[in-house]
1. Return yes when residue 49 is of a type outside the set (A, V, I, L, M), within 16 Å of the ligand (Cβ to nearest atom), at pLDDT below 95 and surrounded by 18 or more Cβ atoms within 10 Å (Cβ to Cβ) and no when it is not.
2. Kindly check whether there is at least one residue in segment 501-512 that is surrounded by 18 or more Cβ atoms within 10 Å (Cβ to Cβ), at pLDDT 95 or above and not β-branched (Val, Ile, Thr).
3. How do the strands (runs of 3 or more DSSP E) wholly within segment 492-587 filter down when requiring 3 or more residues that are touching a residue at least 12 places away in the same chain (Cβ under 8 Å), within 20 Å of residue 469 (Cα to Cα) and not aromatic (Phe, Trp, Tyr): which remain?
4. Across segment 61-95, what is the total count of residues that are free of Cβ contacts under 8 Å to residues at least 40 places away in the same chain, touching a strand residue (DSSP E or B) at 6+ places or on another chain (Cβ under 9 Å) and open to solvent by 40 Å² or more (accessible area, probe 1.4 Å)?
5. Being in contact with a helix residue (DSSP H, G or I) (Cβ under 7 Å, 6 or more places away or on another chain) and acidic (Asp, Glu) is the filter; apply it to segment 258-314 and report the residue that is farthest from residue 329 (Cα to Cα).
6. Restricting attention to segment 42-60, report how many residues are in contact (Cβ under 8 Å) with a residue 40 or more places away in the chain, out of contact with any helix residue (DSSP H, G or I) (no Cβ under 9 Å at 6 or more places or on another chain) and either closer than 29 Å to residue 111 by Cβ or part of a helix (DSSP H, G or I) (or both).
7. Could you list all residues from segment 298-325 that are more than 22 Å from residue 75 (Cα to Cα), at pLDDT 95 or above and small (Gly, Ala, Ser)?
8. Out of the residues in segment 162-181 meeting the condition of being modelled with pLDDT under 90 and within 12 Å of the ligand (Cβ to nearest atom), tell me which one is farthest from residue 46 (Cα to Cα).
Amino acid sequence: MTMTYNELRNLWIDFFKSKGHTEVPSASVLPDNDATVLFTTAGMQPLVPYLMGEKHPGGKRITDIQKCVRTNDIAEVGDHCHLTFFEMMGNWSLGDYFKKEMIAWSFEFLTQKLGFKKEQLAVTCFAGNENAPKDEEAATAWRAQGLNDNQIFFIEDNWWGLADGGPCGPDSEMFIDNGKPACGPNCNPSCNCGKYTEVWNDVFMQYLKKKDGTMEPLVQKNVDTGMGLERTLAFLNGEGDVFMTEVFEDCRKKLEELSGKKYAENLVPFRKVLDHLRTAVFILGDDKGVPPSNTDQGYVLRRLIRIAIRNLKKLDISDFVLSKLAECVVDKYKTYYPELERNRTFIMTELEKEEQLFNRTINAGLKEMDKVLSRVQNELIDGETAFHLYDTYGFPLEFTQEIATEHNVKVDIDGFNKCFEAHQELSRKGAEQKFKGGLADHSEKSAHYHTATHIMQAILRQMFGPTVCQKGSNITPERMRFDFSFDRKMTPEELKYLEEKVNEVIQQKIPVVCEEKTLAEAQAEGALGLFTHKYDAEKVKVYTIGNVSKEVCGGPHAQNTGDLGHFRILKEESSSAGVRRIKAVLE
Ligand code: SER
């Protein structure tokens, strides 16, 4: 059976709608206020509160297609099926149907909608351990669909939950047996011999894994299923290679055109570029998108982009082509993910900037890497050397690992991490000595961003009047985010004006003066003090920037606006009702 991307998506959603499910849109790929995970890794992740018992507005049966990023397998990318970004087609029972119904529907969808034959299927069920019994109930449900016992495998690893705990339970995975001979007497769907390909996972969530690792029964029994869209598409269209499916087609052809090389003859570098670039586009193009940086999601993004750049070099491309390829990705997905279109400029600009930045160090770094490899001992690159490559040449650990692996050399990961942490500790101490203010991050760059928010707020109030005020801000050494009360989208002209006015204040090199006063004195002088309840009324710091701005603030701040560099707005978007959010950088 051949099937297009659109057809497969529709088939999934229509099937579950016909079984009483409500379709919900994909959540952001950058989770809301979740400090435990950097990315949305599964369809169930945004649904955790509902799996725990909260009422979902869509009812007890939900279906969707969720954007997911999983980068723990980044080194595996290069084969026919591993991806760092994928779309997960999912359906959920929130305390409604359970194993019997779900297994019957799984069988129906696989055989009647996707056209697999009963004999082609193999399934796994939970074998039992000290936490929970063997899942005979799931096996019985499969037998009821006509599967033979030699198609049903009991495996101890068949358990699914997020690494950090939460709702979890035994699962039943579905595989397609491609008919190759078994690799040995113990051959089963969980081995990697290539006989079986996993297509779907039904998780029966009955337990809650607590922070201390213990389990307790969940208030409600749920079903959580996930089918990988790209893998299924690859299987249905006979090629078995996710990169040969329609979703990568335009980008793959563009890369062939740009490199003058054929995909089939350069599988690994093509696949790495295609995969990493697509993931980068979805991270940048999310409405909560972040630019590349050295922390958290921004660092994962930087790794993906830099590894893609190296693989472009392997294809003898040294021009900047990432944005050309990214256009193909945006065009392919914009119907289903209109945020990519909304954020097209941001995606392209950030990719180009990262290419330029890395271009300054990559060649020198690759030469240094050659030297490192020529004197390597015991086939191991020590942590300090790997850290030096990171710190001086901008080689993320995975980047160094990739090159090392090609030379059958390993990298001392623990050693690298120790150096990395020691370095962070040093820069933290250094920063603490410089500033004694009350904010979490005291780097010089962050101080510049604090000053920039004051200037920006002052200009916004000049533009739109005193009802505009700060609702929140979030500053890292890489960027600033500023939320303010305002009830509509700013026009491109207004954003340009704001940017120009902030830059004017910077160019005027105005000293930033800090004075200590009582809160009453500060207010009498008209200082803005938006979060006054946080301050000690007897002693607050008032930061004055000429006649532009006067604000009560804990600091730290730049000493002179001239230190800030160039101010550039990345995005203006809605934050919540009546509140807008501006993301900006100082360059
Ligand atoms: N959460 C399960 C998985 O990721 C099923 O969707 O496999």
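The values are calculated or read from the model by the stated rules, or taken from the named source; none is laboratory data. All of these numbers come straight from a predicted model, not from anything done at the bench. For neighbour counting, all protein chains shown are included, and Cβ atoms are generated from backbone atoms with ideal geometry for every residue, glycine included. These accessible areas exclude ligands, DNA and RNA; they are computed on the full protein's heavy atoms, side chains included. Shrake-Rupley method; radii C 1.70, N 1.55, O 1.52, S 1.80 Å.
1. Working: of a type outside the set (A, V, I, L, M): yes; within 16 Å of the ligand (Cβ to nearest atom): yes; at pLDDT below 95: yes; surrounded by 18 or more Cβ atoms within 10 Å (Cβ to Cβ): no.
For residue 49, the condition - of a type outside the set (A, V, I, L, M), within 16 Å of the ligand (Cβ to nearest atom), at pLDDT below 95 and surrounded by 18 or more Cβ atoms within 10 Å (Cβ to Cβ) - is not met.
2. As a first pass, look at segment 501-512 and keep what is surrounded by 18 or more Cβ atoms within 10 Å (Cβ to Cβ): 501-502, 505-506, 510, 512.
Adding the requirement that they be at pLDDT 95 or above leaves 501-502, 505-506.
Pick out the ones that are also not β-branched (Val, Ile, Thr) and you get 501.
There is at least one residue in segment 501-512 that is surrounded by 18 or more Cβ atoms within 10 Å (Cβ to Cβ), at pLDDT 95 or above and not β-branched (Val, Ile, Thr).
3. Numbers: elements: 512-517, 540-545, 549-552, 567-576, 579-586.
Passing ranges, in order: 540-545, 549-552, 567-576, 579-586.
4. 1
5. Only one residue fits best here, namely 287.
6. Step one: filter segment 42-60 for residues in contact (Cβ under 8 Å) with a residue 40 or more places away in the chain, giving 42-45, 47-48, 50-53.
Checking the rest, the ones that are also out of contact with any helix residue (DSSP H, G or I) (no Cβ under 9 Å at 6 or more places or on another chain) come to 42-43, 45, 47-48, 50-53.
Then keep just the ones that are either closer than 29 Å to residue 111 by Cβ or part of a helix (DSSP H, G or I) (or both); that gives 42-43, 45, 47-48, 50-51.
Going through segment 42-60 one residue at a time, the tally reaches 7.
7. Across segment 298-325, the qualifying residue is only 323.
8. Ranking the qualifying residues of segment 162-181, first place goes to 163.
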